[in-house]
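Trainee: Have a look at the structure that comes next, please.
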C-alpha cells in the first residue's frame, strides 16, 4: 500500500497546534497535531456538502445572493454552495490560515472541483469573526464550518462565534430571512436552545460523512423571520 506523503504543514495561530496536509494516491488528509485520526479527509465530505445544501436551500432562485462561508477546509462546502446558487451570486469564503488557501489553489483543489477559481468566489484570509464585526455586509446565508462546532478543538478564539455575543453578531449580519447553518461534530441541545434565545427559528439535522454511511454529524439550521416546518425539507412551507 502507498504511504502517505506530507505535502505541507501550517501553524494555527495562538498555539492552536499544527495542520499537516498529506496525500496517498488520489486521497488527501488534513491532520491536527496531538489529535488521533483525520481532521478532514477527501473521501468523507458528505456533511460538509450538506452544510451548504441545507444553508442555501432557499437561495436557488435568488438573484445576486450573498453568502459567507466560514472555513475553507478542503473546499467541499464552498463548491456545494456555488452549485446551489445562480451565476449572479457572490460567495465570500473566510479562512484563517493562508496555507489552507494555497493548498486549495494547488494539489488539493481538484478534490472539490477548484471552487476558488469560480468567478463568484471572494477569499478573505483572516478570522471570520473579524469579518463579521468589521465588514458590515449583510448576507443571505452564513455557513460555518469552523473548528469542531460549538465545542472548539483547534482555535480557542473560535469559541466567540458560538457565544451569545457571537451569535448576536451573526444574527445582525443576516438579511430579514437570512439563514445561519453551522457544522458540528455532534449534537448539542444546549447550543440549540442558545440559538432560539437569540431569536432564531432553529432545528438540528443529522447528516452522514458519506452517503448512507460514515460518521454522523450535526447541522444546526437557524433562520430569521419565520419558523421552519418540522420534518421534511428544512424550509418547507
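Trainee: Go over the candidates 119, 102 one by one and state the one that is modelled with pLDDT of 95 or more and in a helix (DSSP H, G or I). Talk me through it step by step, then tell me what you get.
Mentor: Values: 119 fails: in a helix (DSSP H, G or I).
102 is the lone residue from the list that is modelled with pLDDT of 95 or more and in a helix (DSSP H, G or I).
Trainee: Turning to a different aspect of this structure: Quick one: which strands (runs of 3 or more DSSP E) lie wholly within region 150-227 and hold at least 2 residues that are at pLDDT below 90? First the steps, then the outcome.
Mentor: Values: elements: 174-184, 201-210, 213-223.
Hits in region 150-227: 201-210, 213-223.
Trainee: Name the residues in region 187-218 that are in contact (Cβ under 8 Å) with a residue 40 or more places away in the chain and either surrounded by fewer than 13 Cβ atoms within 10 Å (Cβ to Cβ) or on the phi < 0 side of the Ramachandran plot (or both), would you?
Mentor: The first filter runs over region 187-218 and keeps only residues in contact (Cβ under 8 Å) with a residue 40 or more places away in the chain, leaving 191, 205, 207-211, 214-215, 217-218.
Within region 187-218, 191, 205, 207, 208, 209, 210, 211, 215, 217, 218 meet the criteria.
Trainee: As an exercise: evaluate residue 162 against (1) buried (at least 20 other Cβ atoms within 10 Å of the Cβ); (2) within 23 Å of residue 83 (Cβ to Cβ) and give the number of the one condition it does not meet.
Mentor: The one condition residue 162 does not meet is (2).
Trainee: Ok, one more. Starting from residues that are touching a residue at least 24 places away in the same chain (Cβ under 8 Å) and either farther than 22 Å from residue 179 by Cα or touching a helix residue (DSSP H, G or I) at 6+ places or on another chain (Cβ under 8 Å) (or both), keep the ones in region 115-125 and report whichever is surrounded by the most Cβ atoms within 10 Å (Cβ to Cβ). Can you show your working first?
Mentor: Narrowing region 115-125 to residues touching a residue at least 24 places away in the same chain (Cβ under 8 Å): 115-116, 118, 120-125.
Restricting the remaining residues to those that are either farther than 22 Å from residue 179 by Cα or touching a helix residue (DSSP H, G or I) at 6+ places or on another chain (Cβ under 8 Å) (or both) gives 115-116, 118, 120-121, 123-125.
Working: 115: 24, 116: 18, 118: 17, 120: 18, 121: 20, 123: 16, 124: 19, 125: 15.
The selected residue is 115.
The values are calculated or read from the model by the stated rules, or taken from the named source; none is laboratory data. Quick caveat: nothing in here was measured; it's all calculated off a predicted structure. Positions of Cβ are generated from backbone atoms using ideal geometry, with glycine treated the same way; all protein chains shown enter the neighbour counts.
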